[in-house]
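Peer 1: Below is a structure I'd like to ask you about.
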Amino acid sequence: MLRLPKFELEEPATLDEALALFAEHGSDAMPIAGGTDLVPNMKHRLFEPKVVVSLARIEALTGIRVTSGGELEIGAMTTLADVARSSAVQERAPVLAQAASLIAGPQLRTMGTLGGNVMLDTRCQWYNQTHFWRTSLGYCLKKDGTECHVVQGGGKCVAAASNDTAPALMTLGATLVFQGPTPPGESKANLREIAIDALWKADGIVNKHTEPGEILTAIRIPAQAAGHRGAYGKLRDRGSIDFPLFGCAVRLDVGTDEAVTGADICAVALVARPSHVKRIEDELVGQRVGSDDFASAVGRVAELAYKQCRPMDNSPGDADYRREMVPVYVRRTLHAAAQGAGPVHHV
Amino acid sequence: MAARDIHGPAPPWGDEFQVIGKPHRKIDGLAKATGHAIYADDIQLAGMLHAKTLRSPHAHALIRSIDTSQAEALPGVHAAITGKDMPVRYGVIPWTPDENALAVDKVRFIGDEVAAVAAIDEDTANAALELIEVDYEPLHAYLDPVEALERSDPLIHDTKKQTNVSKHVHLDFGEVDAGLEAADVVVEDDYSFHGSTHAPIEPHCAVAQFGADGLLTLWSSTQITHYVHRALSSVLEYPAQKIRVVQPCLGGAFGGKSDPFSLEFCVAKLAMKTGRPVKMLWTREEVFYAHRGRHPMRLHYKTGARRDGRITAIDARILIDGGSYSSFGLVTTYYAGQLLTGPYDFPAYRFDSTRVFTNKPPCGPKRGHGSVQPRFAFEVQLDEVAEKIGMDPIEIRRKNFQGSNTETVNGQRVTSNGFDQCLDKVETASDWKTRRGKLPYGQGLGVAGSMYISGTNYPVYPNKMPQAGIQLKVDRSGLVTVFTGGNDIGQGSNSVVAYLVAEELGLAVEHVRVVAADTDLCPVDLGAYSSRVTFMVGNAAIDAARKLRAQVVEAVAAAWEVAPQRVRLIGGHAIDLEDADRGIELREAFHLAEEKFDTLGSTGSYNTPTLGGDYRGGTIGASPAYSFTAHVVEAHVDTETGRITARKVWCAHDCGRALNPMLVAGQIEGSVYMGIAEALLEEHDVNRFGLHAGPSLLDYRMPLSIDTPEIEAFVVESIDPEGPYGAKEAGEGPLHSSIPALANAIHDAVGIRLRELPFTPGKVLRALREKQAPAGTESRAAERV
């Protein structure tokens, strides 16, 4: 099998110890959560940290709780399996439970974490390969090379955000809590809380704004509207394991009269950052779910998504087909959300 | 003279089998399930070094020079070797030796082996590879077989005719043109079959040890110990008597471990050079480069038929993309034509098949070697013929059924043939008559049939010695040990040998021990390929056991002073058929025999009768018995996403006598899985740079359990006159017709003919658009909403 590069493994028991390790080792250190993405990436020599800091023993990072204000707070180290089967998540954020349930396969979900999925590296068929393979290629823009093989002549890396939970959390208006090293002389924890939308940047090389030495500790999902509904749709070749070829998360807020009062759709596996499909509320708000008018509005929204979402050859397979599936999956996922159903997936 | 005895299909004792026909466990099943089985990579020897291979980053290039000095200077490195250390070329087919253990002067695909290093551990060996300097001169790389056919500068191999053609076969039987003239209906079309690979769960691994006595021992995950033995001797230029090749427990092969491979030569050479044991375990990526999988083929078929459904002639033209080396390609090129001539009878047939070299991982034999691709094209075409003349697709197959005890148009002898019963089984089980053509839009049923060989009488190197040999040894404890050169690659061939010997000797299966695939201990067998093992090794086992049995019976009869006819070996005992009180344990019977005949043992062997057409290549594909298969597939098509679901597959397979019906069912299920897998998901190809498109189990999309259709397996037992108790093959045949049956089911579901594999959703949507599906009938049943 492929060998891992040599590294020191640190297993701090507290967040403070972990932060101290990052402060000490700087960019030589990388955090490892479930390891389901980092380990293969290290075997492919995409990352060769000298120090790997495991967050697994830090109990404070695990767990799902509902605050008195109805907010859902999920520790970054909570496994995807736990997120998917949590009744609190299923009730308050069904789109997140559904997205988590479709990540990788059952075994990987017992290792992979919500924080790890949010912080997932972007993926590309020209990048997620062995060192020998990338050497034979002559590398690419994202690592060690100067050429993009997705957009020939392109100067900007378009490796795809491939994390299913990211668009789900974006439709929920989630915030991310990061903790950084405590500056000298301070005693208060150095916390930074940002809207998940503010995390992303449109750069496939690194698609997140983060501060040096900080750790994602928790994901907070505000209480949703009374008539909140959500669903996730995922296109992939196989019924399990595969990363998304296209993913879409839907939020529908539905009033007591079944009329839509708010809506959001986020798409992933297109370019470097997950993105909201724009101008959909203009079509959906005011429509009664299940009505013919709602169905027509859903059709128009699917067209908007088709215009705004352009899959690229960053993922293996047929990009034209993926684009063709954008309106289909958006439409089906909207209907699933409206019906309180989902996820939309071929098996 | 090798034994060609026909043992007959009858039970050896009385009217009933004791062991045969019952669902026994595999003899190594528990060891595998509990992790006790020893695979090649489990072997750890004192002082063992680890080796790694440097591979070419170029698809086609000359090697100007290689400098290994820095690698050799790295602490922990014991040796580095290059092509110069082993310049003798080899090839599994002795007529086409075009491979080197390590490239000598040029590389022919990205991943081709260039140098190898042995070091104290894998990391050191990998670090050493980085220090080897190779000066390449890149050449034009052929990625398109048509270009390789038309262009000969540069040459991939220095072929005799100075072209990039690997093999060309043209054979003509009967009056093809007249047959097509006389047809009421002629269907002519192009078909395309893509590449796929075996992806066994165990990557290739080899361990070599070189003793002070000059004995070289190689443990390797091979499915052909004997050919590896021969190739090692030749390439290492070392006497075969001083080489021992052993196949440990093997984690799947499917044809992908049938060639001698670079790692086997490299560990052997490195062990000889360093005096230390050396192991090499390939990564999954390296297994993809080693490949030897399904050949991509472009097929042009023309079939004529009369209005009553009878086929009048078939004309085929096939272009085969062989990749960078010959491997079994000579045979592939023949099989692509030779194995189409059943289960249907037709009076005229012509095929022209050409295999070309390209700069891609080399193709070879994958389950259903050479004949899965033509079978797809033809069975889809036959469906279209049926449609044109308005005949039920099962009926047209019945109409053309060749029957048993017949000869094919290309001169192959067909003995037992239960294809008609296979059709009956799948027709009834699928409720064909009430459902086919009548299911809602988006759902359909399709049928296809096929035939495959139970070994072939063409040994890869010409000789008249037996194809299979067995030795039996009897222990005074009552244990019988069977020595077989056969390779159990997970299909259960060692178990089959144990069942047969147990049946003949009246022993419990657990009192038969099997020692297999060790060239020092076991008589020669040609290995696990072409579905030959059950038939050939099985016959040899019966031959040997029957000789031993005669001695035991004679000794017991003499001791009891009765006629030998009265002695029966059954249930671990020797009994007197005419005196119920007289009986002894078999162990005691063996003692009597040993007293009478001295040390007990016997040998048995099998060789095929003279078979095949009297023309060049006429023996290739000539088999002592053919298996037959029929599939019905139920396909659901989501017309909005183009996604095809093989909802259910019914497969009936005529394997002659099912020696262990549970193992046969397992082979049927595995074959169906593999066939549907390559039809819908798997694709082995290179990208525009000649780089493998995704050499990992993430990007090479093998179906998971959730993607696997429900499979119903039916065993049809036509009882072959020459097979061991009437058995034929079961390991490869049941793959063939699954793919065209799926294609035909898609046609029944939505009216499109898919002629280009794999059937990706994008292709389905394009075909649907071309056909303009009736409005308002979208089916979305497959989506879970």
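The values are calculated or read from the model by the stated rules, or taken from the named source; none is laboratory data. This is a predicted model, so every value here is computed, not measured. Every residue, glycine among them, receives a Cβ derived from its backbone with ideal geometry; neighbour counts consider all protein chains shown.
Peer 1: Which one of the conditions (1) crowded, with 16+ Cβ neighbours inside 10 Å; (2) away from chain B (no Cβ under 14 Å); (3) more than 22 Å from the chain's Cα centre (by Cα) does A:D292 fail to meet, given that it meets all the rest?
Peer 2: For A:D292, the exception is condition (1).
Peer 1: Mind telling me which of the residues A:V254, A:V268, A:V277 ends up being buried (at least 22 other Cβ atoms within 10 Å of the Cβ), touching a Phe, Trp or Tyr at 6+ places or on another chain (Cβ under 8 Å) and either of a type in the set (K, R) or within 24 Å of A:H228 (Cβ to Cβ) (or both)?
Peer 2: Checking each option against the conditions leaves just A:V268.
Peer 1: Tell me yes or no: at least one residue of the range B:269-280 is under 27 Å from B:V686 (Cα atoms) and within 14 Å of chain A (Cβ to nearest Cβ). Explain how you work it out, then say what you get.
Peer 2: Taking the range B:269-280 first, the residues under 27 Å from B:V686 (Cα atoms) are B:280.
Now restrict to residues that are within 14 Å of chain A (Cβ to nearest Cβ): B:280.
Checking the range B:269-280: at least one residue is under 27 Å from B:V686 (Cα atoms) and within 14 Å of chain A (Cβ to nearest Cβ).
Peer 1: Continuing with the same structure: Anything in the range B:720-772 that is surrounded by fewer than 20 Cβ atoms within 10 Å (Cβ to Cβ) and closer than 20 Å to B:G21 by Cα? List them, or say none.
Peer 2: Passing the criteria: only B:P721.
Peer 1: What about B:A336, is it surrounded by fewer than 24 Cβ atoms within 10 Å (Cβ to Cβ), in contact (Cβ under 8 Å) with a residue 24 or more places away in the chain and in contact with a Ser or Thr (Cβ under 8 Å, 6 or more places away or on another chain)? First the steps, then the outcome.
Peer 2: Values: surrounded by fewer than 24 Cβ atoms within 10 Å (Cβ to Cβ): no; in contact (Cβ under 8 Å) with a residue 24 or more places away in the chain: yes; in contact with a Ser or Thr (Cβ under 8 Å, 6 or more places away or on another chain): yes.
When the stated conditions are applied, B:A336 does not pass them.
Peer 1: Does any residue of the range B:708-724 turn out to be within 14 Å of chain A (Cβ to nearest Cβ), closer than 30 Å to A:M1 by Cβ and out of contact with any Cys (no Cβ under 6 Å at 6 or more places or on another chain)? Spell out how you get there, then give the answer.
Peer 2: Looking only at the range B:708-724, we keep the residues that are within 14 Å of chain A (Cβ to nearest Cβ), and these are B:708-710.
Of the ones still in play, those that are also closer than 30 Å to A:M1 by Cβ are B:708.
Cutting the leftovers down to out of contact with any Cys (no Cβ under 6 Å at 6 or more places or on another chain) gives us B:708.
For the range B:708-724, residues within 14 Å of chain A (Cβ to nearest Cβ), closer than 30 Å to A:M1 by Cβ and out of contact with any Cys (no Cβ under 6 Å at 6 or more places or on another chain): present.
Peer 1: Would you list the strands (runs of 3 or more DSSP E) that sit entirely within the range A:37-122 and hold 3 or more residues that are surrounded by 20 or more Cβ atoms within 10 Å (Cβ to Cβ)?
Peer 2: Values: elements: A:51-54, A:64-66, A:72-75.
Qualifying strands (runs of 3 or more DSSP E): A:72-75.
Peer 1: What's the total number of residues in the range A:112-157 that are more than 30 Å from A:I74 (Cα to Cα) and either away from every other protein chain (no Cβ under 14 Å) or at pLDDT 95 or above (or both)? Full working, then the answer.
Peer 2: Of the range A:112-157, the ones more than 30 Å from A:I74 (Cα to Cα) are A:125-127, A:129-157.
With the extra rule that they be either away from every other protein chain (no Cβ under 14 Å) or at pLDDT 95 or above (or both), the set shrinks to A:125-127, A:129-151, A:153-157.
Of the residues in the range A:112-157, 31 are more than 30 Å from A:I74 (Cα to Cα) and either away from every other protein chain (no Cβ under 14 Å) or at pLDDT 95 or above (or both).
Peer 1: Related question: I need the full set of residues from the range B:598-635 which are in contact with a helix residue (DSSP H, G or I) (Cβ under 7 Å, 6 or more places away or on another chain) and surrounded by fewer than 24 Cβ atoms within 10 Å (Cβ to Cβ), in order please. Please lay out each step first, then the result.
Peer 2: Restricting attention to the range B:598-635, the residues satisfying the condition of being in contact with a helix residue (DSSP H, G or I) (Cβ under 7 Å, 6 or more places away or on another chain) are B:600, B:602-606, B:617, B:620-621, B:624-625, B:627-635.
Answer for the range B:598-635, where residues must be in contact with a helix residue (DSSP H, G or I) (Cβ under 7 Å, 6 or more places away or on another chain) and surrounded by fewer than 24 Cβ atoms within 10 Å (Cβ to Cβ): B:L600, B:S602, B:T603, B:G617, B:I620.
Peer 1: Regarding B:V537, is this residue modelled with pLDDT of 95 or more, in a helix (DSSP H, G or I) and not assigned by TED's automatic domain parsing to the domain that holds B:D654?
Peer 2: Values: modelled with pLDDT of 95 or more: yes; in a helix (DSSP H, G or I): yes; not assigned by TED's automatic domain parsing to the domain that holds B:D654: yes.
When the stated conditions are applied, B:V537 passes them.
Peer 1: Right, another one. Which ones in the range B:429-445 are assigned to a helix (DSSP H, G or I) and exposed (fewer than 14 other Cβ atoms within 10 Å of the Cβ)? It would help to see each step written out before you state the result.
Peer 2: Within the range B:429-445, the subset assigned to a helix (DSSP H, G or I) is B:429, B:432-435.
Hits for the range B:429-445 are B:K433, B:T434.
Peer 1: Considering only the range B:571-626, how many residues are under 30 Å from B:V460 (Cβ atoms) and free of Cβ contacts under 8 Å to residues at least 24 places away in the same chain? Steps first, answer last, please.
Peer 2: Restricting attention to the range B:571-626, the residues satisfying the condition of being under 30 Å from B:V460 (Cβ atoms) are B:601-626.
Next cut, free of Cβ contacts under 8 Å to residues at least 24 places away in the same chain only: B:616.
Of the residues in that region, 1 qualify.
Peer 1: Tell me, yes or no, whether the range B:96-111 has at least one residue that is among the acidic types (D, E) and either within 14 Å of another protein chain (Cβ to nearest Cβ) or surrounded by fewer than 17 Cβ atoms within 10 Å (Cβ to Cβ) (or both).
Peer 2: yes
Peer 1: Take B:H24 and decide whether it is crowded, with 18+ Cβ neighbours inside 10 Å, more than 14 Å from chain A (Cβ to nearest Cβ) and under 26 Å from the mean Cα position of the chain (by Cα). Spell out how you get there, then give the answer.
Peer 2: On the way: crowded, with 18+ Cβ neighbours inside 10 Å: yes; more than 14 Å from chain A (Cβ to nearest Cβ): yes; under 26 Å from the mean Cα position of the chain (by Cα): yes.
So B:H24 fits the description; yes.
Peer 1: Do we find that A:R279 is more than 14 Å from chain B (Cβ to nearest Cβ) and part of a loop (DSSP other than H, G, I, E, B) in this structure? Before you say what the answer is, go through the steps one by one.
Peer 2: Working: more than 14 Å from chain B (Cβ to nearest Cβ): yes; part of a loop (DSSP other than H, G, I, E, B): yes.
Taking the combined requirement at face value, the residue satisfies it.
Peer 1: Please count how many residues of the range A:314-345 are modelled with pLDDT of 95 or more, in contact with a helix residue (DSSP H, G or I) (Cβ under 9 Å, 6 or more places away or on another chain) and in a loop (DSSP other than H, G, I, E, B).
Peer 2: Residues meeting the conditions: 4.
Peer 1: I'd like the full set of residues that are buried (at least 20 other Cβ atoms within 10 Å of the Cβ) and either more than 8 Å from chain B (Cβ to nearest Cβ) or charged (D, E, K, R) (or both), limited to the range A:325-347.
Peer 2: Once the filter is applied, which keeps residues that are buried (at least 20 other Cβ atoms within 10 Å of the Cβ) and either more than 8 Å from chain B (Cβ to nearest Cβ) or charged (D, E, K, R) (or both), the range A:325-347 yields A:V326, A:P327, A:Y329, A:V330, A:R331, A:R332, A:T333, A:L334, A:A337, A:A338.
Peer 1: I've got another one for you. Among the residues of the range B:114-145, which ones are closer than 13 Å to B:H58 by Cβ and part of a strand (DSSP E or B)?
Peer 2: Of everything in the range B:114-145, those that are closer than 13 Å to B:H58 by Cβ and part of a strand (DSSP E or B) turn out to be B:V114, B:V134, B:D135, B:Y136, B:E137, B:P138.
Peer 1: To continue, here is another question. If I ask for residues that are of a type in the set (K, R) and over 20 Å from A:V330 (Cβ atoms), which ones from the range A:199-249 would you list? First the steps, then the outcome.
Peer 2: Just the residues of the range A:199-249 that are of a type in the set (K, R), to begin with: A:201, A:208, A:220, A:229, A:234, A:236, A:238.
Result: A:K201, A:K208, A:R220, A:R238.
Peer 1: Shifting gears a bit: Among B:P57, B:P12, which is the only one that is in contact (Cβ under 8 Å) with a residue 12 or more places away in the chain, more than 25 Å from the chain's Cα centre (by Cα), within 14 Å of chain A (Cβ to nearest Cβ) and in a loop (DSSP other than H, G, I, E, B)?
Peer 2: On the way: B:P12 fails: within 14 Å of chain A (Cβ to nearest Cβ).
Testing whether each residue is in contact (Cβ under 8 Å) with a residue 12 or more places away in the chain, more than 25 Å from the chain's Cα centre (by Cα), within 14 Å of chain A (Cβ to nearest Cβ) and in a loop (DSSP other than H, G, I, E, B) leaves just B:P57.
Peer 1: Hey, could you check the range B:658-708 for residues that are under 29 Å from B:F628 (Cα atoms) and of a type in the set (S, T, Y) and say which is surrounded by the fewest Cβ atoms within 10 Å (Cβ to Cβ)?
Peer 2: The residue in question is B:S705.
Peer 1: Which of (1) over 14 Å from the mean Cα position of the chain (by Cα); (2) buried (at least 23 other Cβ atoms within 10 Å of the Cβ) is the odd one out, the single condition A:G286 does not satisfy?
Peer 2: Of everything listed in (1) over 14 Å from the mean Cα position of the chain (by Cα); (2) buried (at least 23 other Cβ atoms within 10 Å of the Cβ), A:G286 misses just condition (2).
Peer 1: How many residues does the range B:245-283 contain that are of a type in the set (F, W, Y) and under 17 Å from B:D518 (Cα atoms)? Outline the logic, then answer.
Peer 2: At the first step, the residues of the range B:245-283 found to be of a type in the set (F, W, Y) are B:254, B:261, B:265, B:282.
Right, trim to under 17 Å from B:D518 (Cα atoms) and you get none.
Result for the range B:245-283: 0.
Peer 1: Then there's this: Looking at the range B:386-428 only, could you name the residues that are of a type in the set (S, T, N, Q), farther than 17 Å from B:C651 by Cα and surrounded by fewer than 23 Cβ atoms within 10 Å (Cβ to Cβ)? Please lay out each step first, then the result.
Peer 2: Quick first cut of the range B:386-428, residues of a type in the set (S, T, N, Q) only: B:400, B:402, B:404-406, B:408, B:410, B:412, B:415-417, B:421, B:428.
Now restrict to residues that are farther than 17 Å from B:C651 by Cα: B:400, B:402, B:404-406, B:408, B:410, B:412, B:415-416.
Correct list: B:N400, B:Q402, B:S404, B:N405, B:T406, B:T415.
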